[in-house]
Amino acid sequence: MKLTRVLLRYAGLLVLPLAVLLFAQWPLRDVVQAYSRQTNDVAQIVFALYMAIAVSAASVNGTHLAALHSAHASPTLALRWKRWALLLCVGPWALFLLWATTPIVIESVRHWEKFSETLTPGYFLIKVALALLVMLVLMEALLQVLPRKESRP
């Protein structure tokens, strides 16, 4: 669990190259007059990966919507409710998405799918990010309900 938190924290650094790529589009389009579309393609990939990881990070940190519903319950009940709500509400959605999108993702990776407008390779990474999102959410939901060893101070 600690490793997951560390990975999620460092994945937040993806927002930095994303900001640079989004900012770079205007000078590239207006001054250089080239590569702004390719920059946008890379920014889409970084954004997809960032969001795939951010959803799990919100779950790990307890900042998703389930945290709002249990604000007035006792701490023990609220914690139990959040853990099971995550699995029961998000689990079926994640399993369905995994089932429905796996053939699409596999086909996209097999053909190294490109962005349709620029023909820049890498569009398949957006679909891989979808699979990553679903697997991370499902893994987090399962980890939440598994019994844990209590850590002693």
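Using amide H atoms built 1.01 Å from N in the peptide plane, name the residues 5+ places from Thr120, or on other chains, whose amide H lies under 5 Å from its own.
Phe115
Taking θ as phi - 60°, what are the ³J(HN,Hα) couplings along the stretch 122-128 by the Karplus curve (6.51, -1.76, 1.60), each to the nearest whole Hz, with x for Gly and Pro?
x, 4, 4, 5, 5, 6, 5
Can you tell me the length gained on complete extension of the stretch Ala100 to Leu88, counting 0.36 nm per residue apart and subtracting the Cα distance? Don't skip to the answer; put the middle values down first.
Details: separation 12, 0.36 × 12 = 4.32 nm, distance 1.88 nm.
2.4 nm is the gain from fully extending Ala100 to Leu88.
Would you calculate the separation in nanometres between label points at Leu119 and Leu7, each defined as 7 Å from the Cα along the Cα-to-beta-carbon direction?
So the two model labels end up 3.7 nm from each other.
How far, in nm, would the chain grow between Val32 and Val145 when pulled straight, counting 0.36 nm per residue and subtracting the alpha carbon separation? Write down the numbers at each step before the final one.
Numbers: separation 113, 0.36 × 113 = 40.68 nm, distance 5.30 nm.
Extra length available between Val32 and Val145 comes to 35.4 nm.
Sort Ser56, Ser116 so that the residue with the fewest other Cβ atoms within 10 Å of its own Cβ comes first and the one with the most comes last. Please report the intermediate quantities before stating the final value.
On the way: Ser56 23, Ser116 8.
If I rank by nearby Cβ atoms, fewest first, I get Ser116, Ser56.
Every number in this text was worked out from the coordinates using simple rules, so none of it is lab data. Just so we're clear, the structure is a prediction, and the values are computed from it rather than from any experiment. Don't worry about glycine lacking a Cβ; one is built from the backbone with ideal geometry, like all the others, and counts go over all protein chains shown.
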